Amino acid sequence: MRMVYFGRYLVIAILMALAGIAIPVQIVRLQNSQEVAGITGQGVMVWKTFYPARGEIYDRHGHLLAGNKTVYEIGVDLTSNPDLQTIALAAQMSLGMDISEAMTKMTDVPDGTRYVVLDDFVPVENAEKLMQLQKDARADPSGRNLDALNFRAHLMRSYPENDLASTVLGYVTEDNHGYMGVEEKYDNVLAGIPVTLLVPADPRRAPEYPQIPPGQTLILTIDREIQASVEHILDNALISTGASSGTIIVMDPRTGEILAMSSTPRMDPNDYQQVNQIFPGETPFNRAISQAYEPGSVAKIFTMAGALDSGKVTPGTIFLDTGSIVVGGVTIYNWDRGAWGYQDMTGCLAHSLNVCLAWVSDRQMGSDLFYSYMQRFGLGHLTGIDLAGETPGRLKLPGDSDWYPVDLGTNAFGQGISATSIQMVMGASALANDGKMVYPHVLLAQVRDGHQSNMSPQVVGSPISAETAHTLSDMLANALESESSDALVPGYRIAGKTGTAQIPTAYGYDPDNINASFIGWGPLDDPRFLVYVWLEKPQTNKAASVVAAPIFKQVVEDLVVLMGIPPDSIRSGNGQ
Amino acid sequence: MNNVTQIVLKVRQAPWRVQRQWVGLFLLGLVLVAMVAAIYLNITVRATLAGREIQMLESNTTNDQPDIPENQRINSDLETQLAGLTSVESMQQRAEAMGFQPAVPDDFTYVTVPGYSPTNAVDMSIPSSGTPLAPLLLPEYNESLFDWLARQLASSVQAGGQP
């Protein structure tokens, strides 16, 4: 009897022992099985693409200027015996794709191709149409099959304000690279470029996945309300004056922050494929920084600033204008070929007398001193503004092969030199900001991981003293008031200067066209804005005081509202 | 005394008793090994499932379950749509439709407010909550048994209970 029980016990013991041993054996086998490893991905590294979003761009008040929107990549799984004819027909119906084109894409592929992209960057509405067709086909008993279609949602650049500030922003192509403006200048910061990396397929190693940082968010100095106002005024100005193009820049002269920058033509960066049609040939994307021109009389403010700062003249210095002056063997005349008699320096500026300014540069300052001041104001050098595509202009200097003695006279009133609008603005910032010239910039701050890093204003030089800056500003304000300029804004004291410049051609100066400019800043006791207006080839009138000064006034009238700047009488405490 | 000795001898002489003891010990060992193996399997499976869940969340494929990139994409998309709806152009159109018109300097009445400093630019940094964030991993996942005992004792003492 005991032997019988023993046998039973033995069998049970062996079975349980086998079962007990089988568990750890199975564990070990599972851990090391090639078959299971193939399923779980143990020890296997796979290529994986990460799609971080491109950083967003905001204006100074947090309004989105450049964001991202969803689009679809539509592909076909060629391994699932796809119904190519039906897919091509569906692509035509929903994507507007030509049937033969769709067929070619799916059939004209190398042997062994498993997946082909039928279309990419498809708008959501079109992709949804195709998804609906796919659903309908599944319910359709006729056997038409769209199951091989794959949809992959991803982001692409989008500009909700359309062409607003487009010359500042630039654009991004489908390969996620930025061109022009902020998009190009800060492309590596905004980035968000897809990255393909080897990652472990084993789920237990999931924490080892790399964290691909998204692109940084940028906050610009641009104020979208001011930008919209400036663009509206500029567009209307081109219509009313018949000018071929125009530029307006608004900067805070205390910090160098660009509040608005507009030039024509502009394009909607959402439709960047039009870039070659809108900017044919040499047409600059952003004239404000990329097109140098002879600025004309607005440059007289630099000549007069240098002369005052060096003590060569004072506001009360008297000049007898006989209507002409010979510099370097060449006779220089006033813009009206008239003789204006005795004039003090304010009168020279008020009447924009070329002869007087040539006398200041040639007879009073001399070439070394004059060009020293021109260089201090940054002419002939890049400002370094953080936008792609800036050009330096040209300031010929004594010793250069193409410099002639007469240039000392003509350069004094802005002919024979070339400068960009942003260079003029940067130089003038010294006059509006106590002699300190500030670095113009459009980046206000960067945001990353919830931390905002603000840009600090940078002073790039002090070409003149604060006293000279105040003196010249006062002279310019008096000049505008004495002439009852169209640039004057009731309630606000403004300093400014017109510029009517001839346009050089290969055969001398163009007799039919001019560049009309105006530069001004205010309020005079505490300048908050500096505005530069440039109209190229206006047709209704050939005087900047007629075509450019009123544009400046319109801009300032909007600025004081949008920036909340009370009239002088209220700020000084003398108002009602 | 003799009876006791006889009983002991009888027990010793019963080989099936000795064998049963050995079998029992062997089975006990097996049960322990099986328990350890089961716990190991359980932990491994849970870790693997968690890893798979992370992979799914990190996945870029469009599926019925929203994942991290999908949520980020949708957020970004919605933000851009909202910006389009509140763009300068559309806001101007809405304002004009409601009977508003652009203000001019003469429309303003300025009031002096001592000490008022208008906001010059947006601050998009995330404000600090002032309280530390909850730890990502609960203590149970990285403390030893003794740490756990010490924590329990400390918490019961703090709560006024008996340790």
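The values are calculated or read from the model by the stated rules, or taken from the named source; none is laboratory data. Computed from a predicted structure; not experimentally measured. Quick reminder, even Gly has a Cβ in these numbers, built from the backbone with ideal geometry, and neighbours come from all protein chains shown. Remember, those area values only see protein heavy atoms, side chains included, never the ligands or the DNA or RNA. Shrake-Rupley method; radii C 1.70, N 1.55, O 1.52, S 1.80 Å.
Can you spot a residue in region A:282-296 that is among the acidic types (Asp, Glu), surrounded by fewer than 17 Cβ atoms within 10 Å (Cβ to Cβ) and farther than 25 Å from residue A:522 by Cα?
Yes.
Residues that are at positive phi, within 14 Å of chain B (Cβ to nearest Cβ) and in contact (Cβ under 8 Å) with a residue 40 or more places away in the chain: does region A:544-561 have at least one?
Applying the first criterion (at positive phi) to region A:544-561 yields none.
No: zero hits.
Just give me the residues in region A:99-141 being open to solvent by 80 Å² or more (accessible area, probe 1.4 Å) and assigned to a loop (DSSP other than H, G, I, E, B), in sequence order.
Across region A:99-141, the qualifying residues are A:108, A:110, A:111, A:114, A:141.
Being farther than 25 Å from residue A:324 by Cα, among the small types (Gly, Ala, Ser), part of a helix (DSSP H, G or I) and touching a Gly at 6+ places or on another chain (Cβ under 6 Å) is the requirement here; does residue A:427 meet it? Don't jump to the end; show me each part of the working.
On the way: farther than 25 Å from residue A:324 by Cα: yes; among the small types (Gly, Ala, Ser): yes; part of a helix (DSSP H, G or I): yes; touching a Gly at 6+ places or on another chain (Cβ under 6 Å): yes.
For residue A:427, the condition - farther than 25 Å from residue A:324 by Cα, among the small types (Gly, Ala, Ser), part of a helix (DSSP H, G or I) and touching a Gly at 6+ places or on another chain (Cβ under 6 Å) - is met.
Take residue A:252 and decide whether it is surrounded by fewer than 22 Cβ atoms within 10 Å (Cβ to Cβ), touching a residue at least 12 places away in the same chain (Cβ under 8 Å), among the acidic types (Asp, Glu) and closer than 30 Å to residue A:445 by Cα. Give the derivation first.
Numbers: surrounded by fewer than 22 Cβ atoms within 10 Å (Cβ to Cβ): no; touching a residue at least 12 places away in the same chain (Cβ under 8 Å): yes; among the acidic types (Asp, Glu): yes; closer than 30 Å to residue A:445 by Cα: yes.
Judged against the criteria, residue A:252 is not a match.
Tell me which of these residue B:78 doesn't satisfy, since it passes every other one: (1) closer than 30 Å to residue A:66 by Cα; (2) at pLDDT below 85.
(2)
Would you say residue A:152 is open to solvent by less than 60 Å² (accessible area, probe 1.4 Å), basic (Lys, Arg), closer than 27 Å to residue A:270 by Cα and under 14 Å from the mean Cα position of the chain (by Cα)?
Values: open to solvent by less than 60 Å² (accessible area, probe 1.4 Å): yes; basic (Lys, Arg): yes; closer than 27 Å to residue A:270 by Cα: yes; under 14 Å from the mean Cα position of the chain (by Cα): no.
The answer is no for residue A:152.
Yes or no: region A:128-146 includes at least one residue that is closer than 30 Å to residue B:90 by Cβ, charged (D, E, K, R), more than 27 Å from the chain's Cα centre (by Cα) and at pLDDT below 95.
Checked against the condition, which is being closer than 30 Å to residue B:90 by Cβ, charged (D, E, K, R), more than 27 Å from the chain's Cα centre (by Cα) and at pLDDT below 95, region A:128-146 yields at least one hit.
What are the pairs with Cβ atoms under 8 angstrom where one residue, in region A:10-29, is within 8 Å of chain B (Cβ to nearest Cβ) and the other, located anywhere, is surrounded by fewer than 13 Cβ atoms within 10 Å (Cβ to Cβ) and assigned to a helix (DSSP H, G or I)? Sequence gap at least six, or different chains.
If the second residue must be surrounded by fewer than 13 Cβ atoms within 10 Å (Cβ to Cβ) and assigned to a helix (DSSP H, G or I), the pairs left are A:20/B:31; A:23/B:38.
Out of region A:195-234, which residues are more than 13 Å from every other protein chain (Cβ to nearest Cβ) and surrounded by fewer than 24 Cβ atoms within 10 Å (Cβ to Cβ)?
A:198
Are there any helices (runs of 4 or more DSSP H) wholly within region A:262-334 with 1 or more residues that are under 30 Å from residue A:369 (Cβ atoms) and of a type in the set (S, T, N, Q), and if so which?
A:300-309
Being within 8 Å of another protein chain (Cβ to nearest Cβ) and either without any contact (Cβ under 8 Å) to a residue 40 or more places away in the chain or outside any loop (DSSP other than H, G, I, E, B) (or both) is the filter here, so list the residues in region A:49-64 that pass it.
A:49, A:50, A:58, A:64
Pairs needed: first member in region A:324-348, of a type in the set (Lys, Arg); second member anywhere, part of a loop (DSSP other than H, G, I, E, B) and at pLDDT below 95; C-beta distance under 9 Å; at least 6 residues apart or different chains.
Matching pairs, first to second residue: A:337/A:323.
Under 7 Å by Cβ, and 6 or more places apart or on different chains, what pairs join a residue from region B:68-96 that is more than 8 Å from every other protein chain (Cβ to nearest Cβ) and closer than 17 Å to residue A:58 by Cα with one that is modelled with pLDDT under 95 and assigned to a helix (DSSP H, G or I)?
Cβ pairs passing all conditions: none.
Out of the residues in region A:73-98 meeting the condition of being touching a residue at least 24 places away in the same chain (Cβ under 8 Å) and charged (D, E, K, R), tell me which one is least open to solvent (accessible area, probe 1.4 Å).
A:73
One residue is enough: does region A:552-573 have a residue meeting the conditions at pLDDT 95 or above, within 20 Å of residue A:423 (Cα to Cα) and part of a loop (DSSP other than H, G, I, E, B)?
No.
Looking at A:155, A:164, which is the one that is assigned to a loop (DSSP other than H, G, I, E, B) and within 14 Å of chain B (Cβ to nearest Cβ)? Can you show your working first?
Details: A:155 fails: assigned to a loop (DSSP other than H, G, I, E, B).
Of the residues listed, the single one that is assigned to a loop (DSSP other than H, G, I, E, B) and within 14 Å of chain B (Cβ to nearest Cβ) is A:164.
Scan (1) open to solvent by 50 Å² or more (accessible area, probe 1.4 Å); (2) modelled with pLDDT of 90 or more for the single condition residue A:65 breaks and write down its number.
Exception for residue A:65: condition (1).
Please work out which residue is farthest from the chain's Cα centre (by Cα), limiting yourself to region A:293-318 and to residues that are under 14 Å from residue A:361 (Cα atoms) and charged (D, E, K, R).
For region A:293-318, the residue satisfying everything is A:312.
Would it be correct to say that residue A:538 is in a loop (DSSP other than H, G, I, E, B), away from every other protein chain (no Cβ under 11 Å) and either surrounded by 24 or more Cβ atoms within 10 Å (Cβ to Cβ) or in contact with a His (Cβ under 7 Å, 6 or more places away or on another chain) (or both)? It would help to see each step written out before you state the result.
Values: in a loop (DSSP other than H, G, I, E, B): yes; away from every other protein chain (no Cβ under 11 Å): yes; either surrounded by 24 or more Cβ atoms within 10 Å (Cβ to Cβ) or in contact with a His (Cβ under 7 Å, 6 or more places away or on another chain) (or both): yes.
When the stated conditions are applied, residue A:538 passes them.
Would you tally the residues in region A:354-410 being polar (S, T, N, Q), assigned to a loop (DSSP other than H, G, I, E, B) and touching a residue at least 40 places away in the same chain (Cβ under 8 Å)?
2
Which of the residues that make up region A:448-499 are open to solvent by less than 20 Å² (accessible area, probe 1.4 Å) and within 14 Å of chain B (Cβ to nearest Cβ)?
Passing the criteria: A:450, A:489, A:492, A:494.
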